[in-house]
Amino acid sequence: MIVSMRSCRASFLALIFCLSIFAGIAFASPAALPTVDREAAERSFLAAYDLFLQNRIWSCLDRLSEAQRQNTYYIDTYYLKALAMRRLGRYPDAMEAMRAYLEVRRSDHRAQIVLEAMQGEWRLLRETLHPRQILSTLVFRGNALNSFFDVPLHHPLSFSGMTGLGKISAFGGCIFTPDTLGNNLWVFDTVQGSSRTMQMPVDAPVVVLPLSQEEALLLQKSGDLLSIRINRTAGTLSPRPLGRVDANVSDAATVSSTLLAVADRTGQAVKFYNLPSLSGVAEWTPKESEKSRKLFEPVAVAAYGPLLAVADRGNGVVYVLDSYTLALRDRFEAPLPRDLEWGNQGELYVLSENGEMHARYPVNARTAGVPRVVSGMKDAWSIAWTNEGPVVVDVSGRRWWNSRLFPGHAASIGMVALRDPWIEGKKGEETLFLRGKVSSVFRDFVLNTPPSSEAVWRDEVRPSQIAEASAGGKGATFFYAPTEESVGKERRVRRAAVFGDIWADLAAESRGGGEMPRVVVLDTRIEVPDNQAPLFLSFLLHQGIRLDLWALGRPASTVLTYLSRSTLGNTYYSNTLEAVPRNDEIEWLVSVPLPPETVPFGYPTDATLSIFATVDMIRFNDWIPIWPSLVKRK
């Protein structure tokens, strides 16, 4: 009986408990459920879509957030949000939004395809920041000087060459070529369509270190320094003495606007000097040279952000130093090294006197050994890196070799953000047109190989064509620095203490209706966190923006140098910037004939136009919803 009473009491309490829960739900539900304003959410979504077509991505995301507040269940907003986040380089957020969309529409195969493509792009982006193999294949072609630079056959250089070459360097389309034994500096300007040759007599010039578009340092063998003003319009070089360093110069490199590294061959040391005072601040000699029977013979130095590579010809060794601490980061053997140059992805190329070139990744020392990448360049003496790729010259200055960069790996990813669609009708047929900027890093591939393209719309493969034309190098340049700096007329420095300030400024500019800049110049005192590097690189490539660095008193980090070089960016060491080279991005015009029935149905994925373009081994993908009734007609 006691058991029965306890059982009844338990059942009664359970019933009361359940009723209280249901009652709570019944009374709480009207207050807990979010309000839904479907019409307002639809208006916000359409406004976001229009902003997406204009590539005003931050404003687009603002309107999508507004639509989600007005209707929490508006799942289409997550799909458009994913596409928008991708264009900002925010792949983790883009993939999270797409997964949220697929949680509701699990059978949407188109969205699943886009998600998988995003996952692949994000993986490749992160892998390129930490490469395990040389990412470019080099195929050199030899040329005589007169054909390489369009120098007339009757010019003295064409038939007699130079007496004895120094170290060549390149910047902004100019190749600086010191004739050390011939007491002449030759500058070949290749930007103006046809090459222009500038000449300046000077005693024993060894190397030219470009500081900006108009200014450079020239070091003579004696240790004398000259400041050179470069007037490319008039084709003149104006020297001014700066002082002298205590070294017998065999090569030199600028580490920052205030630090100069000089290879002193007879002094058997790498010496560091302050700029502009030229006072000595440090000196480095490998410890192993004390035990070696051969003398330390530094014949070449090259900087990549904070890293300084040093070629020791006497011992057949290359060292990589941290220029902050002079700590040794890498060491490897190379036969008869004559010159050094860094590639865009942080690979170090070593040119040997036997006409061979070897390569290695000193950053994190991920490459085992020092593989040979090319041979057969007789009497090769010096190497420089241009926007088109490496250039090598022989000791007489008469024979030149150059190579384009060919993708030598599977991780060849291109990026383009299609925008501003319009429809044109002719003879009863309609064609969709879209524009898209392609980063200048892909310029050579695009100009040398016509892109092939394929379009898919409403599960149907459509014929498509891509016409390309230079974007003309117009557009704004944004300068970011933590303090007020000196830039050219009608320009201002945008204050940024930390990297997040740059994102905030770009967002504010876009929300205000401004265009994305063509070039961003970033003071190297602003640090980019490692976890932001792949996001920032993706954003730059999607938007076709070149990242230039301004090394004011501090070398750029290795990561920041990689980001800049990956967009074919320049590094400036001048305290004043008067002009910045134009950005040679490409603008694509994509055309897709529309089917006779152009009224899409269903979800936004039903209206999504998928564009797949291939240039050489590089694959460009983009997705953009197209509702013809919402696209302007011409």
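The values are calculated or read from the model by the stated rules, or taken from the named source; none is laboratory data. These numbers were taken from a predicted model, which means no experiment stands behind them. Here the Cβ positions follow ideal geometry from the backbone for every residue, glycine too, while neighbour counts run over all protein chains shown. Each accessible area value is taken on the protein alone, full model and side chains, heavy atoms only, with ligands, DNA and RNA left out. Shrake-Rupley method; radii C 1.70, N 1.55, O 1.52, S 1.80 Å.
Under 5 Å between amide H atoms, partner at least 5 residues away or on a different chain: which partners does Ala417 have, H built in plane at 1.01 Å?
Lys437
So what are the ³J(HN,Hα) numbers for region 510-526, from phi and the Karplus equation (6.51, -1.76, 1.60; θ = phi - 60°), rounded to whole Hz, Gly and Pro as x?
In residue order, the calculated couplings are 5, 4, x, x, x, 7, 5, x, 7, 9, 10, 9, 10, 4, 6, 6, 8 Hz.
Note the angle between two axes, namely the Cα long axis of helix 2-32 and the longest principal axis of the Cα atoms of the chain, as a number of degrees from 0 to 90, rounded to the nearest 10.
60 degrees
Above 28 Å lies some portion of the pair distances; for region 73-226, what is it as a whole percent of all C-alpha pairs? Intermediate results must be reported in sequence, preceding the final value.
On the way: 6225 of 11781 pairs.
Roughly 53 percent, once rounded to a whole number.
Amide H of Trp381: which non-local residues (sequence gap of 5 or more, or other chain) have their own amide H closer than 5 Å, using H built in the peptide plane?
Those qualifying (amide H under 5 Å, at least 5 residues apart or on another chain) are Val393, Asp394, Val395.
Write down Rg/Rh for region 138-297, rounded to two decimals, with Rg from the C-alpha atoms and Rh from the Kirkwood relation over Cα pairs. Show your work: numbers first, answer last.
Values: Rg = 17.1 Å, Rh = 16.9 Å.
Taking Rg over the Kirkwood Rh, I get 1.01.
With N residues in region 522-634, what two-decimal value do you get for its Cα radius of gyration over 2.2 N^0.38 Å?
It is 1.51.
Could you give me D for region 47-126, from Stokes-Einstein at 10 °C and 1.306 mPa s, where the hydrodynamic radius is the Kirkwood radius over C-alpha pairs? Units µm² s⁻¹, please.
On the way: Rh = 12.7 Å.
Stokes-Einstein gives a translational diffusion coefficient of 125 µm²/s.
Cβ neighbours within 10 Å, averaged per peptide: list 151-161, 443-453, 380-390, 324-334 in order, most packed at the top. Walk me through the numbers on the way to the answer.
Working: 151-161: 13.4, 443-453: 16.8, 380-390: 20.8, 324-334: 15.0.
Ranking, from highest mean packing down: 380-390, 443-453, 324-334, 151-161.
Place the peptides 183-189, 74-80 in order of packing, highest mean first, counting for every residue the other Cβ atoms within 10 Å and averaging per peptide. Kindly include the intermediate steps, with their values, before the conclusion.
On the way: 183-189: 20.3, 74-80: 21.9.
Peptide ranking by packing, descending: 74-80, 183-189.
Given a cut-off of 20 Å, what percent of all Cα-Cα pairs of region 452-599 lie beyond it?
Values: 5944 of 10878 pairs.
Summing the P(r) tail past 20 Å for region 452-599 gives 55 percent.
Per residue, how much accessible area does the chain have with a 1.4 Å probe, in Å²?
Values: 27500 Å² over 634 residues.
Value returned for the chain: 43 Å² of accessible area per residue.
List, in order, the whole-Hz ³J(HN,Hα) value for each residue of region 498-504 obtained from phi through the Karplus relation with A = 6.51, B = -1.76, C = 1.60 and θ = phi - 60°; use x for Gly and Pro.
My calculation for region 498-504 gives 10, 4, x, 5, 5, 4, 5 Hz in order.
Report ³J(HN,Hα) in whole Hz for each residue of region 455-460, in order, from the Karplus equation J = 6.51 cos²θ - 1.76 cosθ + 1.60 where θ = phi - 60°; Gly and Pro get x.
Once rounded to whole Hz, the list reads 10, 10, 9, 6, 6, 10.
Under 5 Å between amide hydrogens, which residues at least 5 positions from Gly243 or on another chain qualify, with H placed 1.01 Å from N in the peptide plane?
Long-range HN contacts for Gly243: Leu225.
Would you work out what percent of the accessible area of the chain, with all protein chains in place, is carbon or sulfur (probe 1.4 Å)? Provide the component values of the computation, followed by the final result.
On the way: 14190 of 27500 Å².
The C+S portion of the solvent-accessible surface of the chain is 52 percent.
Expressed as a whole number of Å, what is the distance separating the alpha-carbon centroids of region 279-330 and region 176-213?
What the calculation gives is 27 Å, centre to centre.
So what's the angle, to the nearest 10 degrees on a 0 to 90 scale, between helix 57-70 and the longest Cα principal axis of the chain?
For 57-70 against the chain, the angle is about 20 degrees.
Which of the chymotrypsin sites (Phe, Trp or Tyr not before Pro) across region 565-634 are loop residues per DSSP, with 11 or fewer other Cβ within 10 Å?
Numbers: sites: Tyr572, Tyr573, Trp588, Phe601, Phe612, Phe620, Trp623; in loops: Tyr573, Phe601.
Here the chymotrypsin sites (Phe, Trp or Tyr not before Pro) that fit, given the DSSP loop and packing criteria, are Phe601.
Over all distinct alpha-carbon pairs, what is the Kirkwood Rh of region 287-356 in angstrom? Working shown, then result.
Working: mean 1/r = 0.0815 Å⁻¹.
Radius from the Kirkwood sum: 12.3 Å.
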